[in-house]
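Here the structure comes first, spelled out in structure tokens, and everything after it is commentary.
The values are calculated or read from the model by the stated rules, or taken from the named source; none is laboratory data. A quick note: this is a predicted structure, and the numbers were derived from the prediction, not measured. Cβ sites come from the backbone with ideal geometry, for glycine too, and all protein chains shown count toward neighbours.
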Amino acid sequence: MRSPSTVLRRASALFLALLAGPALAGPATAGPPTATGGPTAPGDVRQLDSVIPAPMQTTADTRANFRLGPATLIRTQFGSAEARRVGEHLAGVLRPATGYPLPVVPAASSRPFGITLLLGGADARVGRGGYQLDVTRSGVTIRATSGEGLFNGAQTLRQLLPAAVESSERSRRTWTVPGGRIVDQPRFGYRGAMLDLARHFHTPTEIRTYIDLISQYKVNHLHLHLSDDQGWRIQIDSWPRLTTVGGGPGTGVDGVGPGYLTKAEYRALNAYAAARYVTIVPEIDMPGHTNAAQSTYAELNCDGVAVPPRTDIAVGYSSLCVEDELTYTFVEDVIRELAAMTPGPYLHIGGDEAHATTDEQYRTFMDRVIPMVARYGKRAFGWHEIAKVSPPTSVVPQYWGTGATDASVAAAAARGNKVLMSPANRTYLDMKYDRSTPLGLSWAGLIEVRDAYDWDPATRLPGVGEESILGVEAPLWSETLRSIDDIEFMAFPRLPAIAELGWSTPQTHDWESFRQRLAQQAPRWTAQEVNFYRSPQVPWVD
Ligand code: NGO
């Protein structure tokens, strides 16, 4: 549980550090007590290849370790506001535990001293989201072609420092980065996580915490499931009762998950995410999973009578009235307002489990709604049932099945649609780990850490190969979840497994290596006060 005083503790640690003033940092040496205090404990220097997700290429040089000191500067690309922002973010992460001031200054030269973030000069293989990280005795240099690449390199640097760096408490110790070079590049452009705000609302503070946690594993999209049978969670001005009633008291599973995001809160979340190179993908589920809207507005029902609100976890019984023009006025209002407050390029229109809608009605509905998304400047995502209507190739079906094959998803891939992979028996973070897991569901099976990790997105579905895959996403549905502690328990350690599948080249895929690296994340999560599941498959270190 994260104590409310965490923020205060962080602030006072920084204050003390500033009072202490700068002193000179020497080059890293092994062993004895140092100018900054405590001894170097054995095992304190991390391995270059201990990072999650596994980097593409690492070349260790144990004679070239770098030690952070009280005089270390964070130098960022001269003239780049974006590089500066990444530098400030990194400084914000490193200051509380180190107690060092770590001022962020423009890099006047590319001479390696301190931590330097440069745009340009990286190995050509890094592409857009990748980076090159060089550690020598005099400094750490991260080079990339974009702010996103610098941010990803900075997340790697965090993991190369001792786990205590993630604490909000200052510790007097050495902060050594292992020497050598990493050249890294993402396998897929889309690495995603999903939160379900409909079954239980999660507050902006909780969502921000999740963004912080996922972005350290280079996950760069957060899909928000904003409406379902049990609740409506996003303010829409033209249909105001959606939130005051549909998201109001008594909504959510068992009636205990009320709440909604105002437009201002939603915009602020998008900005918070963007500062961490995370794009928000908002979802309004339709034509099914719409009971909250239909119990709030009688006119959204074919017979003009409002259905009763529902707080159980049944699925597949609700549907908007496909034949009624008013339905499309409603849907267009929602899409227009949601698109206007969403800076990201995607808008998810659900489309799963429309069992109360005939195939013909489903097609009629999607043929009207998919073009609306494009009209408001967004690219439509849908759960993979959307593939059945042969949507335009810009539409992204999100595969959530458990079967060995899916003919309509394969046919969509053959036509040129990109597919987002979320097979439920591998990526659904709401599935129980084993029979004794107190939270979660089990309809798609039990998912231990190895089940989440040991598969290849590009061979999961025949006809949906590497070239057809946009990326991988780990959904976390909230039927059984209430708090951020619950979210963390289901996501850790499986979220890093899915993150690695999305980022790392298949050549690095190795369960034995992964579980060893995962084990070393435990002290980081402890320092961050993350509530994680101690899977018996992982040799945890404390
Ligand atoms: C299914 C269903 C959701 C449930 C979830 C629970 C999809 C795409 N539709 O996934 O409504 O919440 O399972 O695991």
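Overview of results
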| quantity | calculated |
| --- | --- |
| Matching residues, region 353-382, being within 16 Å of the ligand (Cβ to nearest atom) and either hydroxyl-bearing (Ser, Thr, Tyr) or without any contact (Cβ under 8 Å) to a residue 12 or more places away in the chain (or both) | 357, 362 |
| Residue check for residue 404: more than 16 Å from the ligand (Cβ to nearest atom), assigned to a helix (DSSP H, G or I), out of contact with any Cys (no Cβ under 6 Å at 6 or more places or on another chain) and not hydroxyl-bearing (Ser, Thr, Tyr) | no |
| Some residue of region 124-131 being closer than 21 Å to residue 72 by Cβ and crowded, with 22+ Cβ neighbours inside 10 Å | yes |
| Given (1) away from the ligand (no atom under 16 Å from the Cβ); (2) small (Gly, Ala, Ser); (3) within 17 Å of the chain's Cα centre (by Cα), index of the condition residue 465 fails | (3) |
| Hits in region 274-310 (condition: under 15 Å from residue 246 (Cβ atoms), out of contact with any helix residue (DSSP H, G or I) (no Cβ under 8 Å at 6 or more places or on another chain) and crowded, with 20+ Cβ neighbours inside 10 Å) | 285, 289, 291, 295 |
| Within region 167-210, tally of residues that are more than 16 Å from the ligand (Cβ to nearest atom), in a strand (DSSP E or B), farther than 30 Å from residue 70 by Cα and of a type in the set (D, E, K, R) | 1 |
| Those residues of region 496-539 which are in a loop (DSSP other than H, G, I, E, B) and either within 17 Å of the chain's Cα centre (by Cα) or closer than 22 Å to residue 168 by Cβ (or both), in sequence order | 504, 520, 521, 528, 529, 530, 531, 532 |
| When residues of region 200-237 are limited to those that are hydroxyl-bearing (Ser, Thr, Tyr) and in contact with a Phe, Trp or Tyr (Cβ under 9 Å, 6 or more places away or on another chain), the one nearest to residue 184 (Cα to Cα) | 217 |
| Selection from region 226-270 of residues that are more than 16 Å from the ligand (Cβ to nearest atom), part of a helix (DSSP H, G or I) and either touching a residue at least 24 places away in the same chain (Cβ under 8 Å) or among the polar types (S, T, N, Q) (or both) | 241, 242, 243, 244, 255, 263, 265, 266, 267, 268, 269, 270 |
| Residue match in region 352-367 (condition: under 23 Å from the mean Cα position of the chain (by Cα) and in a loop (DSSP other than H, G, I, E, B)) | yes |
| Within region 312-348, tally of residues that are surrounded by fewer than 18 Cβ atoms within 10 Å (Cβ to Cβ) and either within 16 Å of the ligand (Cβ to nearest atom) or among the aromatic types (Phe, Trp, Tyr) (or both) | 7 |
| Close pairs (7 angstrom Cβ cut-off, 6 or more residues apart or separate chains): on the phi > 0 side of the Ramachandran plot in region 522-542, outside any helix (DSSP H, G or I) and of a type in the set (D, E, K, R) anywhere | 529/2 |
| Leading residue by the ranking (nearest to residue 188 (Cα to Cα)) among those in region 412-435 that are part of a loop (DSSP other than H, G, I, E, B) and more than 13 Å from the ligand (Cβ to nearest atom) | 418 |
| Subset of region 414-427 [buried (at least 24 other Cβ atoms within 10 Å of the Cβ) and under 24 Å from residue 365 (Cβ atoms)] | 419, 420, 422 |
| Qualifying residue in region 489-505 (condition: surrounded by fewer than 20 Cβ atoms within 10 Å (Cβ to Cβ), among the small types (Gly, Ala, Ser) and either more than 23 Å from residue 130 (Cβ to Cβ) or modelled with pLDDT under 95 (or both)) | no |
| Single condition residue 517 does not satisfy, out of (1) more than 29 Å from residue 47 (Cβ to Cβ); (2) touching a Ser or Thr at 6+ places or on another chain (Cβ under 6 Å) | (1) |
| One residue from 158, 172 being surrounded by fewer than 23 Cβ atoms within 10 Å (Cβ to Cβ), within 27 Å of the chain's Cα centre (by Cα), closer than 28 Å to residue 528 by Cβ and among the basic types (Lys, Arg) | 158 |
| Yes/no for residue 385 being touching a His at 6+ places or on another chain (Cβ under 8 Å), within 26 Å of residue 329 (Cβ to Cβ) and touching a residue at least 24 places away in the same chain (Cβ under 8 Å) | no |
